[in-house]
Amino acid sequence: MNDQQGMRLALAEAWRGVGSTAPNPCVGAVIVVDDQVVGAGCTAPGGQPHAEVMALQAARSAGHDVTGGTMYVTLEPCCHYGRTPPCSLAIIEAGIGTVVVGCIDPFPEMQGKSVAMLREAGLTVRTGVEEQACREVLRGFLRVMEGGLPEVTLKAATSLDGHIATSSGESKWITSEEARHHGHNLRAQHDALLVGVSTVLADDPRLTCRTQVDRDPVPVVFDTHLRTPDEAHIFRGPVRPVILCGPGAPERDLPADIVRVALDERGRVDVVQALRELGRRGLHRVMVEGGAQIHRSMLDAGVVDSLFLYMAPKIIAGGRSWVGGDPLQVLSDAPGLAVQSCERIGPDVLIQLSRPT
């Protein structure tokens, strides 16, 4: 087995846990002895234990001796004490002979220190294997570490002419059950699910994942004046919500983490400052489900990494657009995205787009 093959197996492990490991990054690890995989794992829910320890435990549980084996890991193993002991120390004590690393950890206490530690202990270490693919699965974590902002995904379910509801507000359901199921699986791959207070007032969403995966993102509401009702469904879910409001919002005793942030020039919650707060809370992957004004604010701020646009084969003339705000007057001001894929889901179409490179 070559390094690329081994790292692709570790990547598959990492993707398996995406959305469940906050505040830690989702990492995958695989142990190979005599060209056979003897242990594999991804970072456990809640970020502990880490992928390397999970892989070592899997190998031991199966009765395998990992002495002299090779560990493939998507992110540099930690070498500091946090909520868990250093993974590098566990690797050394297990007798692993070679460690193949996808990308270096930009966390201030890391940045290559673990690689140096492993080499000083006599292990062979190779870095940068399938680095771009590893950075993709770690994109949210890397964004926060390197720039302070989480990965942002916009999601909308529309008609062919770009509407999310009729002029009277009827919206259930524009897209099919298959598309809605796909959307809930997408929710499960994110750390936080964000809406504006207008969506809470109009639709009272639960913001949970109705899938077979036991995983729910943190509900987040942009609510400048703290108008979220006491009886809102988000307060009845399994995860404590975060509400981002302005500094002048009234004091209220709600079952949520209320975070006050600066306002933008329009007097609304500042998008960039609010996202930084989410990043500081270890919420690395944020999915934005609306409404129209929140979508527009994210696009105007230039913080959108991906867009998942579910389109039903329907025409809703005069309906409500999935993007709000003032009309654009100049075509060159229109935000641009690059099409990544287009697929059919039931009777609907999903177009996936991303930030242009």
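The values are calculated or read from the model by the stated rules, or taken from the named source; none is laboratory data. Everything numeric in this text was worked out from a predicted model, so none of it was measured. Every residue, glycine as well, gets a Cβ built from its backbone with ideal geometry; the counts of neighbours run over all protein chains shown. Each accessible area value is taken on the protein alone, full model and side chains, heavy atoms only, with ligands, DNA and RNA left out. Shrake-Rupley method; radii C 1.70, N 1.55, O 1.52, S 1.80 Å.
Between Ser61, Ser159, Ser321, the GNM of the chain built on Cα springs shorter than 10 angstrom shows Ser61 fluctuating the most. With a ≥ b ≥ c taken as the square roots of the eigenvalues of the C-alpha gyration tensor of region 1-95, please select rounded if a/c is under 1.5 and otherwise prolate if a/b is larger than b/c or oblate if it is not? Here region 1-95 falls in the oblate category. Projecting the Cα atoms of Phe235, Asn185, Thr208 onto the charge dipole of region 177-254, computed from C-beta unit charges around the Cα centre, puts Asn185 farthest toward the positive end.
When mean projected area of the Cα convex hull in nm² is calculated for this entry, the matching label among (i) 19.5; (ii) 30.1; (iii) 17.8 is (i). Relative to the longest principal axis of the Cα atoms of the chain, the long axis of helix 292-301 lies at roughly 60 degrees. Put the Cα centre of region 154-192 next to the Cα centre of region 313-353 and the gap is 12 Å. Between Ser321 and Ile164, the built amide H atoms are under 5 Å apart, and every one of these is 5 or more places off in sequence or on another chain. Structural descriptor for the chain: relative contact order 16 percent, calculated from alpha carbon pairs under 8 angstrom and at least 6 residues apart. Less than 5 angstrom separates the built amide H of Leu123 from none of the residues sequence-distant by 5 or more or on a different chain.
Per residue, the solvent-accessible area of region 303-349 (1.4 Å probe, heavy atoms of protein chains only, all protein chains present) comes to 60 Å². Couplings for region 187-196, taken from phi via the Karplus curve 6.51 cos²θ - 1.76 cosθ + 1.60 with θ = phi - 60°, read 3, 5, 8, 10, 7, 9, 10, 10, 9, x Hz in order; Gly and Pro are left as x. Amide H contacts under 5 Å for Ala22: Gly46, restricted to partners 5 or more places along the chain or on a different chain, H placed in the peptide plane at 1.01 Å from N. Cross-link partners for Lys155 among the aspartates and glutamates, with Cα-Cα distance under 18 Å and sequence neighbours closer than 8 places in the same chain left out: Glu177, Glu178, Asp191, Asp203, Asp204, Asp216, Glu289, Asp300, Asp305, Glu343, Asp348. For region 91-146, the solvent-accessible area of protein heavy atoms averages 45 Å² per residue (probe radius 1.4 Å; ligands and nucleic acids excluded). Could you give the distance between the Cα centres of region 19-82 and region 97-127, to the whole Å? If we compute the Cα centre of each part, the gap is 14 Å.
Considering only alpha-carbon pairs that sit under 8 angstrom and 6 or more positions apart, the relative contact order computed for region 1-126 is 20 percent.
Given an 8 Å cut-off on Cα distances and at least 6 residues of separation, report the relative contact order of region 217-357 as a percent.
Details: 187 pairs, mean separation 23.2, N = 141.
About 16 percent, as a whole number.
So for Ile345, Ile164, what's the accessible-area order with a 1.4 Å probe, most first?
Ile164, Ile345
Relative to the longest principal axis of the Cα atoms of the chain, the long axis of helix 51-61 makes an angle of roughly 50 degrees.
Rounded to the nearest 20 debye, the dipole magnitude of region 4-124 is 220 debye, with +1 charges on Lys and Arg beta carbons, -1 on Asp and Glu beta carbons, and the Cα centre as origin.
For region 271-344, a simple Cβ point-charge model (Lys and Arg +1, Asp and Glu -1, everything else neutral) yields a dipole of about 260 debye relative to the Cα centre. In this structure, Leu263 and Arg60 have a Cβ-Cβ separation that, at R0 = 56 Å, corresponds to a calculated FRET efficiency of about 0.55.
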